[in-house]
Amino acid sequence: MRLGLMVGYSGAEVAIDIAQVKEAESLGFDSVWTAEAWGSDAVSPLAWIAAQTTRIRLGTAIMQLPGRSPANTAMTAMTLDALSGGRFMLGLGTSGPQVVEGWHGVPFDKPLTWMREYITIVRAIFAREAPLEFAGSRYQIPYRGPGALGLGKPLKSILHGRRDIQILSGSMAPKGQALAAELADGVLLTCMHPERFDVIQSNLDEGFAKRDPSRRSRDDFEIAPTVAVIVGKDLDACRAPLKASLALYIGGMGARDKNFYGEYIRRVGFEAEATKIQALFLDGKRSEAVAAVTDEMVDTLHLVGPPERIRDRFQAWKASKVTTLIVGAQQREALRLVAELAL
């Protein structure tokens, strides 16, 4: 199992502890990851990290599709990959309808088609086999639709990038996971039940059956969930921030009838809990929603408590099919403990 470190996500200020990143690199962590919601972007902090590290790989988890054209994303990926000596991994995701329509101001329409076209275009740019031309339902390159001057011409990237830059797709939804297995080099998961991989496996199998044999083999496919690690004697205190986070994702990161995170939590055995949390959250009862997140939910999805307890509970992750465990750990003690257990 490889280890990744998640840093600098969703805070009111951009806060990257570069000493922590360097320690993770020295401990043998394989990768460091940044993300974006509606605050800090994922790329700028990663470029800053790239300049101050030498070995650790650099991943986005995720870059949002509505924030950039496929061509801009490909340019960004190739540039950062070149500047870092071939260390970049491109994690992509649609985000959800609230962010897509409420922040980026574009329709959350046919997200699977959107991701399929996006990855196809980015791969074509990486490959540089021909000037870029694409005719899809979301993208037409060159553009010849309403308002076009008719002067667009197919172009090939001036930059000769690495054609096999890894592309990972972030998805908690079954069809999105199937698409990741078909087109991408891995799937990024916001959370995962380590002992219920069957819930994901059938989706991946569906995608693998359609996979182009020229792509990386199934054995090289990345399974990369994010897991928070908090070391402490007071279990309630360790669980508290994670209960707040789970309540937000299950209750607020989606509509009542469309919440990918809540649907996954239901499928892995917490149906009654997820239904209650969502109802409370959407009714404006935030504190009650947080209180409805059970200890078992936190303990299943994350690693909390004294070191001995984490050592014991880590065995489920080590026995799982996870290839890269992306760790959210602000404590140096947690960082070192996970490195000891995994590496």
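The values are calculated or read from the model by the stated rules, or taken from the named source; none is laboratory data. Keep in mind the model is a prediction, meaning the values are calculated, not measured. Cβ atoms come from the backbone with ideal geometry, glycine included; neighbour counts cover every protein chain shown. Keep in mind that these areas ignore ligands, DNA and RNA; they rest on the heavy atoms of the full protein, side chains included. Shrake-Rupley method; radii C 1.70, N 1.55, O 1.52, S 1.80 Å.
Quick notes
- Where a residue in segment 302-326 is under 19 Å from Gly28 (Cβ atoms) and of a type in the set (A, V, I, L, M, F, W, C) and its partner, wherever it lies, is open to solvent by less than 20 Å² (accessible area, probe 1.4 Å) and in a loop (DSSP other than H, G, I, E, B), with Cβ under 6 Å and at least six apart: Trp317/Pro194
- Residue in segment 73-83 that is out of contact with any Gly (no Cβ under 7 Å at 6 or more places or on another chain), modelled with pLDDT of 95 or more, within 18 Å of Gln140 (Cα to Cα) and open to solvent by less than 20 Å² (accessible area, probe 1.4 Å) present: yes
- Test set (1) surrounded by 15 or more Cβ atoms within 10 Å (Cβ to Cβ); (2) within 23 Å of Val32 (Cα to Cα) - Arg211 fails condition number: (2)
- Counted residues, segment 303-319 - those being closer than 16 Å to Met192 by Cβ and open to solvent by 20 Å² or more (accessible area, probe 1.4 Å): 5
- Looking only at segment 86-95, residues that are open to solvent by 20 Å² or more (accessible area, probe 1.4 Å) and out of contact with any helix residue (DSSP H, G or I) (no Cβ under 9 Å at 6 or more places or on another chain) come to 1 in all.
- Selection from segment 321-340 of residues that are modelled with pLDDT of 95 or more and open to solvent by 20 Å² or more (accessible area, probe 1.4 Å): Lys321, Thr323, Gly328, Gln331, Arg332, Glu333, Arg336, Glu340
- Residue ID - surrounded by the most Cβ atoms within 10 Å (Cβ to Cβ), chosen from residues in segment 98-148 that are of a type in the set (Phe, Trp, Tyr) and either at pLDDT below 95 or touching a helix residue (DSSP H, G or I) at 6+ places or on another chain (Cβ under 9 Å) (or both): Tyr118
- Those residues of segment 168-192 which are of a type in the set (A, V, I, L, M) and under 11 Å from the mean Cα position of the chain (by Cα), in sequence order: Leu168, Met172, Val187, Leu188, Leu189
- For segment 228-264, filtered to residues that are in contact (Cβ under 8 Å) with a residue 60 or more places away in the chain and assigned to a helix (DSSP H, G or I), the residue that is surrounded by the most Cβ atoms within 10 Å (Cβ to Cβ) is Tyr264.
- Just one of the listed residues (Pro225, Pro194, Pro154) is farther than 22 Å from Pro70 by Cα and in a loop (DSSP other than H, G, I, E, B), and it is Pro194.
- Close pairs (9 angstrom Cβ cut-off, 6 or more residues apart or separate chains): without any contact (Cβ under 8 Å) to a residue 60 or more places away in the chain and farther than 16 Å from Ile200 by Cα in segment 156-172, open to solvent by less than 20 Å² (accessible area, probe 1.4 Å) and acidic (Asp, Glu) anywhere: Asp164/Asp185
- In segment 16-44, of all residues being assigned to a helix (DSSP H, G or I) and open to solvent by less than 10 Å² (accessible area, probe 1.4 Å), the one that is nearest to Met78 (Cα to Cα) corresponds to Val21.
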